[in-house]
Each structure stands twice: as C-alpha cells, then as structure tokens.
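Contents: one structure, followed by commentary.
Readers should treat all values here as calculations from the given coordinates under stated rules, not as data from a laboratory. Source: prediction; values computed, not measured. Backbone-built Cβ (ideal geometry, glycine too); neighbour counts: all protein chains shown.
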Amino acid sequence: MKRVTGIGGVFFRSEDPKKLRDWYAKHLEIPNMSPYGAVFELKNDSPTGHTVWNPFSKDSDYFAHKEQHFMLNFRVENLEQLLKTLKSEGVEIAGEIESYEYGKFGWIIDPEGNKVELWEPVEEEFNKINGL
C-alpha cells in the first residue's frame, strides 16, 4: 500500500484569503483559481515534472523571517523575464537569482511578507541528481 504519492495541496493561514488568492492569480497567473483555491492538473508530459517535499531546520534562515512556517516553490519558465515583469508590477524581489546545474532560483515576497521561491528547472540534471 502506498502512503504518499505526491503533494495534494498547500494550505496556510492568511489575513485576507481573497486578496491573497487574487494577488497570486494576477502576478503568477495561477490557473483554475476559485474561492476554494487553485487546482493543478498533473499530466504525463515529457519531460515529467516533479514536486519536492523537504523539511527545513527550525533555525533555517532560508525563509523570509522566523515566523514564516512554510514556503511555496513554483516551477516557472524564463525566470529572469518573469522577475523583471513582477518587479515592474510592484512585486518585491528578494535577493538575486541563483543558478545551479539543476536550475535557477529566484524569490519574491507576497503581500503578507511570505518569501516565495520560483524555480526554472533543468529536468535532466534534476533527474540525475535525484536518481530518477
């Protein structure tokens, strides 16, 4: 019997859920947004994408602040252009783009101060590193 087969959803508290849903729909073009959130349809496209689940130390400084208890990571295309576009829309950019063999990473801050990670993957390298 399988226990965990993937990420089924990400749920968290918000001061103004509708405003935050609208912000994510506008700036990151999250599809299928409704009053109940967004649903991402999984497909067997090539290359196959992956969702990573990984706990961080409670003392990690990877998040925006100690009170932030989660971070969303969104797969994106053309990270550099997306960050330029988001900046022009008034979205706060956190730090500089970091590049690794398995992809580029950038970060933004949402209206409630949460750091959000954006990842432009290099699937072949990600698969090699993770034995996939």
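So, by mean Cβ neighbours within 10 angstrom, what's the order for 115-122, 72-79, 56-63, 90-97 with the highest one leading? Don't jump to the answer; show the numbers that get you there.
Details: 115-122: 18.2, 72-79: 14.8, 56-63: 9.6, 90-97: 12.9.
Ranking, from highest mean packing down: 115-122, 72-79, 90-97, 56-63.
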Quiz item: What nm distance separates the two modelled labels at residue 58 and residue 128, each placed 7 Å from Cα along Cα→Cβ?
Solution: 3.9 nm
Practice problem: Diagonalise the Cα gyration tensor of the range 78-132 and give the resulting equivalent ellipsoid semi-axes, square root of 5 times each eigenvalue, largest first, whole Å. | Solution: 25, 12, 8
Quiz item: What pairs from 87/115; 19/84; 26/58 go past 26 Å between their alpha carbons?
Solution: 26/58
Self-check item: Packing-based order for 11-21, 100-110, using average beta carbon neighbours within 10 Å, highest first
Solution: 100-110, 11-21
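Using a cut-off of 13 Å between beta-carbons, work out the net charge of the residues near residue 28 (Lys and Arg +1, Asp and Glu -1, residue 28 not included). Working shown, then result.
Values: positive: 21, 26, 75; negative: 22, 29, 77, 89, 110, 117.
Spelling it out: positives minus negatives among the neighbours equals -3.
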